[in-house]
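The values are calculated or read from the model by the stated rules, or taken from the named source; none is laboratory data. Everything quoted here is computed from the prediction, not taken from an experiment. Here Cβ is always computed from backbone atoms with ideal geometry, including for glycine, and neighbour counts include all displayed protein chains.
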Amino acid sequence: MKNKIVLFDIDYTLFDTKTFKDSNLTKFALYKEILPVLKSLATTAELGIFSKGEDSSQNVKLQETGIGNFFQQENVHVFEDKDENLKSVLDKYKNLKIYIVDDRLATLYSARAINSSVFTIWIKRGPFAQDETLLSNFSPDATINNLEEVLSIASL
């Protein structure tokens with residue numbers, strides 16, 4: 001039994017949303033490091049999704065990019081309003097060490113407010129990662145530019 005879970009946002013974290021939008025929603029692309037990172041992490045941690053959006057469209061992204069099989073269905077959490085559902089998702093994994101990777105600082109801030117032991121990882125890519133307004137009163141546990149950096153963090 002794995003004693004930790006890494007919860008990933010989809011857009012701008014795993015999925016190259018800019019390429020998708022620039023292709024008129026036809027090109028499903030991952031950032032180049034995603035597959036090796038997920039393969040490596042899957043050996044030591046449960047992998048999950050905690051993402052904002054419409055459930056079916058987010059699941060299409062996971063399937064079209066071939067990464068859906070890294071995530072057991074019960075660990076895939078997609079909501080129109082992430083903040084409203086954050087506590088119930090974190091409560092589900094209260095017996096595990098929780099790592100949450102997101103490009104939105106506000107999501108990480110909220111996760112820490114709900115559960116002080118959550119390890120927050122801010123991935124600085126995409127338009128939402130430019131919003132640093134919360135940094136004056138919150139520091140994520142790690143700030144990364146590439147998901148490869150999660151490998152050394154989540155192996156702790």
Checklist entry - So, of the residues in region 126-144 that are in a loop (DSSP other than H, G, I, E, B) and at pLDDT 95 or above, which turns out to be farthest from Asn85 (Cα to Cα)? => result Asp141
Checklist entry - Inside region 1-23, can you point out the residues that are over 24 Å from Phe79 (Cβ atoms), part of a loop (DSSP other than H, G, I, E, B) and at pLDDT 95 or above? => result Ser23
Checklist entry - Phe138 fails exactly one of the following numbered conditions: (1) of a type outside the set (A, V, I, L, M); (2) under 24 Å from Ile34 (Cα atoms); (3) surrounded by fewer than 17 Cβ atoms within 10 Å (Cβ to Cβ); (4) free of Cβ contacts under 8 Å to residues at least 60 places away in the same chain. What is the number of that condition? => result (2)
Next on the checklist: For the list (1) surrounded by fewer than 19 Cβ atoms within 10 Å (Cβ to Cβ); (2) within 13 Å of the chain's Cα centre (by Cα), I need the number of the one condition that Ile100 fails.
Outcome noted: (1)
Checklist entry - Could you say which residue among Ser23, Ser116, Ser88, Ser110 is within 24 Å of Ser152 (Cβ to Cβ) and either of a type outside the set (Phe, Trp, Tyr) or surrounded by 15 or more Cβ atoms within 10 Å (Cβ to Cβ) (or both)? => result Ser116
Next on the checklist: Looking only at region 1-60, how many residues end up being of a type in the set (Gly, Ala, Ser) and more than 15 Å from the chain's Cα centre (by Cα)?
Outcome noted: 5
Checklist entry - So, in region 26-58, of the ones that are of a type in the set (Ser, Thr, Tyr) and closer than 24 Å to Ser155 by Cα, which residue ends up surrounded by the fewest Cβ atoms within 10 Å (Cβ to Cβ)? => result Thr43
Checklist entry - Looking only at residues in region 1-38 that are touching a residue at least 60 places away in the same chain (Cβ under 8 Å), of a type in the set (A, V, I, L, M) and in contact with a Phe, Trp or Tyr (Cβ under 7 Å, 6 or more places away or on another chain), which one is farthest from Lys97 (Cα to Cα)? => result Leu14
Next on the checklist: Restricting to region 24-60, give me the number of residues that are farther than 14 Å from Val6 by Cα, in a helix (DSSP H, G or I) and not hydroxyl-bearing (Ser, Thr, Tyr).
Outcome noted: 6
